[in-house]
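Asks: Could you have a look at this structure, given as structure tokens, before my questions?
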Amino acid sequence: MKLVLLYVLLLKAMATTFSGTATLPVVRQDFVVRRGLLTDRDLNMAFTAGRSGPGPNGIYLVSVGYLVAGLPGACVGWLAMITPAFLSIPLVRLVGSRVDNPRLLAAIRASTAASAGLVLAANVPMARDALTSGVLVAIAVVSFGVFSFTRLDSVWVILVAALLGLLGATLIH
């Protein structure tokens, strides 16, 4: 894949969403469904790698770029990830003066709701690929509950879930 096309596809994902994880449906559609450059398992791995460490939610695009085109692809993923931040500065100045406009607020709310739906739609196929046993489903459900109803730091939830996954895999095999 040409690096320019990789940049354009990843930039499209970043520029058409309002959050790093909201890029997931766009990335999945372009790289898994349309072009077959990645599998759902590859995308899961890239997403997990990006979310396992500190940094912005969209940093998994660096891993996507790496899986598609090696080290140059990772650099392209990083550039695509940061480009909207630089472009948003003039946009914030322009829109900031109109923040009280009801139409603008309605548009922002509608696009946020659509983004949430897209994230859900992209995560269902990835969950089917990742949650292959009752143990993994139980870990996912409990982790979701802990994330949703407690203030426990996410690093602890991820660490315990990973250890339980390793323990579960050991007991199953």
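Asks: Mind checking Rg over Rh on segment 131-173, alpha carbons, Kirkwood formula for Rh?
Replies: When Rh is taken as the Kirkwood radius, the ratio is 1.00.
Asks: Now a separate question. If packing is taken as the average number of other Cβ atoms within 10 Å across a peptide's residues, how do 52-61, 104-113, 73-82, 138-147 rank, most packed first?
Replies: Order by mean packing, descending: 73-82, 52-61, 138-147, 104-113.
Asks: What is the helix-to-structure angle for 3-15, meaning the angle in degrees between its Cα long axis and the longest Cα principal axis of the chain, kept from 0 to 90 and rounded to the nearest 10?
Replies: 80 degrees
Asks: With labels modelled as points extended 7 Å from the Cα through the Cβ direction, what inter-label distance (nm, one decimal) is found for residue 146 paired with residue 49?
Replies: 2.5 nm
Asks: Quick one: check the C-alpha center-to-center distance for segment 52-71 versus segment 21-35, whole angstrom.
Replies: Cα centroid to Cα centroid, the span is 14 Å.
Asks: Please determine, in degrees from 0 to 90 and to the nearest 10, the orientation of helix 40-52 with respect to the longest principal axis defined by the Cα atoms of the chain, where the helix direction is its Cα long axis.
Replies: The helix 40-52 is inclined about 80 degrees to the chain.
Asks: Another one. What percent do you get for the relative contact order of the chain when only Cα pairs under 8 Å and 6+ apart count?
Replies: Relative CO of the chain lands at 22 percent.
Asks: Let me ask something else. Hey, could you get me the Stokes-Einstein D for segment 1-74, Kirkwood radius over alpha-carbon pairs, 4 °C and 1.567 mPa s, rounded to whole µm² s⁻¹?
Replies: Using the Kirkwood radius from Cα pairs, D works out to 109 µm²/s.
Asks: Using C-alpha positions alone, give me the convex hull volume of segment 3-130 per residue in cubic angstrom.
Replies: In segment 3-130, the Cα convex hull volume per residue is 106 Å³.
Asks: Right, something else. Once the principal axes of the Cα atoms of segment 97-173 are found, what is the range along each, listed largest first in whole angstroms?
Replies: Projected onto the principal axes, the Cα atoms of segment 97-173 cover 58, 28, 17 Å.
Asks: Give me the mean projected area, in nm² to one decimal, of the convex hull enclosing the Cα positions of segment 55-149. Mind showing how you got there, number by number?
Replies: On the way: hull surface 36.3 nm².
Over every viewing direction, the Cα hull of segment 55-149 projects on average to 9.1 nm².
Asks: Could you work out the percent of alpha carbon pairs in segment 101-142 separated by over 12 Å, rounded to a whole number?
Replies: Counting every Cα pair in segment 101-142, those more than 12 Å apart make up 68 percent.
Asks: Right, another one. Compute the helix-to-body angle for 102-130: its Cα long axis versus the longest principal axis of the chain, expressed 0 to 90° and rounded to tens.
Replies: 30 degrees
Asks: Given N residues in segment 47-101, what is its alpha carbon radius of gyration divided by 2.2 N^0.38 Å? Spell out each step's value before the answer.
Replies: Numbers: Rg = 14.7 Å, N = 55, 2.2 N^0.38 = 10.1 Å.
Against the compact-globule rule of thumb, the ratio is 1.46.
Computed from the coordinates by the stated procedures, all read-outs in this text should not be read as laboratory data. What you see is a predicted model, and the numbers here were worked out from it, not measured in a lab. Please note: Cβ atoms are built from the backbone with ideal geometry, for glycine as well, and neighbour counts cover all protein chains shown.
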